[in-house]
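Accompanying notes for the structure given below.
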Amino acid sequence: MEETNCGFEKVEHLSGYVGYLKFNFFADPGVCGDTAVAAMNFLANVDALIVDLRQNGGGDPKMVALVSTYLFATPTHLNDLWERKSGETKQYWTLPYVPGKRLSTVPVFVLTSHRTFSGGRNLPIISKC
């Protein structure tokens, strides 16, 4: 994970107070949560956000929840995943707390491509655009 910076490829401020976040997979937040928190806190004062998921192949739904929490002001249902082995369905919601400022009032634009898959393709922030 360290070699790929937990999938976070680029976090920057563009002109006009626009933030840009590119990450290529959703890593385990137990290992990479600090990296996600640092990226989101770097973007704390932008007026708009571009999330680039064009190379994102999905990953851990708990990381989807962590990143998504920064984009919603209230508890939000993200998705349900059914596990074939156990036959159980698990619900995923935004978290009650994240360190730093939320970006729930800024417009979010999500870039996807034919390579975007799984959690990257179904990320609930797409409905926020």
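The numbers here are math on the coordinates, done by the rules we state, and not lab data. As the structure is a prediction and not an experimental result, all values here were calculated from the model. When we count neighbours, we look across all protein chains shown, and the Cβ atoms used for this are built from the backbone with ideal geometry, even at glycine.
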Item to check | Calculated FRET value between residue 73 and residue 115, using beta carbons and R₀ = 30 Å, to 0.05 | outcome: 0.45
Checklist entry - If you take the beta carbon distance between residue 38 and residue 82 as r and set R0 to 35 Å, what does 1/(1 + (r/R0)^6) give as a FRET efficiency, to the nearest 0.05? => result 0.60
Next on the checklist: Testing the spin-label approximation: label points 7 Å from Cα along Cα→Cβ at residue 105 and residue 89. State their distance in nm.
Outcome noted: 3.6
Checklist outcome for this item: For the stretch 2-128, percent of DSSP beta bridges that are antiparallel (nearest 5) comes out at 50
Checklist entry - Could you give me the ³J(HN,Hα) list for the stretch 57-69, computed from phi with Karplus coefficients 6.51, -1.76, 1.60 and θ = phi - 60°, whole Hz, x at Gly and Pro? => result x, x, x, 7, x, 5, 6, 4, 5, 4, 5, 4, 4
Checklist entry - Expressed in nm², what is the orientationally averaged projection area of the convex hull enclosing the Cα positions of the chain? => result 8.0
